[in-house]
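Single-structure report; data block below.
Derivation of every value follows stated rules applied to the coordinates shown; laboratory data play no part. Computed from a prediction, not measured in an experiment: that's the story for all the values here. Cβ atoms come from the backbone with ideal geometry, glycine included; neighbour counts cover every protein chain shown.
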């Protein structure tokens, strides 16, 4: 019995000294979740675009124009200048947020006047696009899809999940950046 014990221990010792073998990561190229998410977002956008068309038909007093970014714009009041802000310009604006039916979610008093350095500061994508479509003194109405607003999260208060919004914005002032070489 003693003779069997020594070779058995030696065998275990030699097996235990073996280098550990690295495990290879399991790689699965399963894009089904991503594909499902893309398809769901495309469907949401299609539904919102159809809804925009219905709202526009009811709003015959405004001349809405589709934009390549997927939102609709109508300039209510235009100024004599035709020079929208450019990157680096310091601007101030007021805006209100409504449902597409016109119910006010946030008015100008709640939101206050916004100071914004164009394309240099964080701002809701819907507002970043909107300010660049206006000139000094212009007032515009924008029908924004949810992906440019608060998306699948909403704002946690008044704006729901995947809710498209109507934003009315007035551009109050533009202080041109020195490298833009344009007068105020």
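Take the alpha-carbon centre of the stretch 134-158, take the same for the stretch 50-123, and report the distance between them in whole Å. Computed from Cα coordinates, the inter-centre distance equals 7 Å.
In terms of surrounding Cβ atoms within a 10 Å radius of their Cβ, 136, 148 rank from fewest to most as 136, 148. Dividing the radius of gyration of the alpha carbons in the stretch 81-184 by their Kirkwood radius gives 0.99 for Rg/Rh.
Taking R0 as 30 Å, what's the FRET efficiency between residue 119 and residue 37 from their Cβ-Cβ distance, rounded to 0.05?
0.60
The ratio of the alpha-carbon radius of gyration of the chain to the globular-protein estimate 2.2 N^0.38 Å is 1.82. The value of relative contact order for the chain, using C-alpha pairs under 8 Å at least six residues apart, is 23 percent.
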